[in-house]
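First the structure, in the form of structure tokens, and then the observations on it.
The values are calculated or read from the model by the stated rules, or taken from the named source; none is laboratory data. Values in this document were obtained by computation on a predicted structure and should not be read as measured data. Note that we place each Cβ from the backbone using ideal geometry, even for glycine, and neighbour counts take in every protein chain shown. These area figures cover heavy atoms from the full protein model, side chains too; ligands, DNA and RNA do not enter into them. Shrake-Rupley method; radii C 1.70, N 1.55, O 1.52, S 1.80 Å.
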Amino acid sequence: AAAPVGPAPAPRAGLLGRLTGRAPAEPQRVLDDAMLESLEELLISADMGVETSLKVAANMAEGRFGRRLGATEIKRLLADEIAAILDPVARPMPLFPKKPQVVLVVGVNGSGKTTTIGKLASQFRAAGKSVVIAAGDTFRAAAVEQLQIWGARADVPVMTAPEGSDPASLAFDALARAEAEGADLLMIDTAGRLQNRKDLMEELAKIVRVLRKRDPEAPHNTLLVLDATTGQNALEQVRIFREVADVTGLVMTKLDGTAKGGVLVALADRFGLPIHAIGVGEQIDDLQPFDPAEFAAALTG
Ligand code: GDP
């Protein structure tokens, strides 16, 4: 964005701002047990989870106990520790030459699956790729309608099936169509009803089984979409969805809101799953590659 004319806006009070206060003269504090504890609490309050927060604070403190540190240095050191956890998982979704690449999109209802599919479809289109979308949540008419709207925005065909029909047969037909059309990508939306885990498991397993009848390697990517505002609950969602699907990567949405998104650090630390992209708004362009250094700096801001 172009820099506005006039004085720079005041920096947002972030994690460390609250601990150390504004620092015109950079007051320094001795890194002792009390300070370590405050740092741990701040990291926990940023949704990083207890285990990961303790680890980040301990790594940062290692070899520095008793030293005097200013706020800027503390921020930088913490951001470095956080980025070290995030760096190995920040990876774009891998796309192999074989056409069509099948991307199965899973996640609880409301997490942002439909929106993310629309945004991704638009990015792929902009990159010159042809895309087909399958509206696999055949139980929610509203979800199908939403996906059609996104398909129109991204200029991508959306295959639908009558309400209540078998999502697996839709997925099969969609793959046949994507193959026939020589499409680069097929993205399949799915239902995210966690209320009945057995149904969810059977439904996703059947979709995968049926896809593999046409392509033994499908789905090539299984994206789990997580809502940043659910905080630590995202950890539980990853655990559940890994039981029902072979999740290959994550997208975290709604990082434009008040959610600090620290749970991404806990997720990276605990599961090591690739983080492909982050959602930062409701518009078609609001999907960004995941940048660990930027994310860590914003988190410790
Ligand atoms: P689905 O049920 O998983 O398909 O979720 P939807 O894609 O329908 O999204 C649920 C709601 O979250 C919608 O109102 C979206 O506009 C909104 N949403 C999705 N992604 C983002 C995001 O990155 N930021 C914000 N602010 N809202 C989002």
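Can you find, within region 231-249, the residue that is surrounded by the fewest Cβ atoms within 10 Å (Cβ to Cβ) among those that are without any contact (Cβ under 8 Å) to a residue 40 or more places away in the chain and of a type outside the set (D, E, K, R)?
Here the answer is N233.
Pick from A161, A178, A152: which is without any contact (Cβ under 8 Å) to a residue 60 or more places away in the chain and in a helix (DSSP H, G or I)?
The match here is A152.
Being within 15 Å of the chain's Cα centre (by Cα) and outside any loop (DSSP other than H, G, I, E, B) is the filter here, so list the residues in region 89-102 that pass it.
V89, A90, listed by residue number.
If you scan region 84-129, which residues turn out to be away from the ligand (no atom under 16 Å from the Cβ), open to solvent by less than 40 Å² (accessible area, probe 1.4 Å) and in contact with a strand residue (DSSP E or B) (Cβ under 9 Å, 6 or more places away or on another chain)?
Passing the criteria: L86, V89, A90, M93, P100, Q101, V102, F124.
Looking for whichever is under 14 Å from the mean Cα position of the chain (by Cα) and surrounded by fewer than 16 Cβ atoms within 10 Å (Cβ to Cβ) here; the options are G262, G272. Which one fits?
On inspection, the qualifying residue turns out to be G272.
On the given criteria, is F290 in contact with a His (Cβ under 9 Å, 6 or more places away or on another chain) and within 15 Å of the ligand (Cβ to nearest atom)?
So F290 passes the test.
Could you check region 248-279 and list, in sequence order, the residues that are within 16 Å of I117 (Cβ to Cβ) and within 15 Å of the ligand (Cβ to nearest atom)?
Those that are within 16 Å of I117 (Cβ to Cβ) and within 15 Å of the ligand (Cβ to nearest atom): L250, V251, M252, T253, K254, H276, A277, I278, G279.
Confirm whether F172 is open to solvent by 10 Å² or more (accessible area, probe 1.4 Å), among the hydrophobic types (A, V, I, L, M, F, W, C) and out of contact with any strand residue (DSSP E or B) (no Cβ under 8 Å at 6 or more places or on another chain).
yes
The conditions are (1) open to solvent by 30 Å² or more (accessible area, probe 1.4 Å); (2) modelled with pLDDT of 95 or more; (3) under 18 Å from D269 (Cα atoms), and A34 fails exactly one of them. Which is it?
Condition (3) is where A34 drops out.
Looking at (1) open to solvent by less than 70 Å² (accessible area, probe 1.4 Å); (2) out of contact with any strand residue (DSSP E or B) (no Cβ under 6 Å at 6 or more places or on another chain); (3) modelled with pLDDT of 95 or more; (4) more than 16 Å from the ligand (Cβ to nearest atom), which one does A46 not meet, given that it meets all the others?
(3)
Looking at (1) in contact (Cβ under 8 Å) with a residue 60 or more places away in the chain; (2) open to solvent by 10 Å² or more (accessible area, probe 1.4 Å); (3) part of a strand (DSSP E or B), which is the one condition that is false for Q288?
(1)
Is there a residue in region 130-137 that is away from the ligand (no atom under 16 Å from the Cβ), of a type in the set (V, I, T) and either assigned to a strand (DSSP E or B) or touching a Phe, Trp or Tyr at 6+ places or on another chain (Cβ under 8 Å) (or both)?
Yes: one or more hits.
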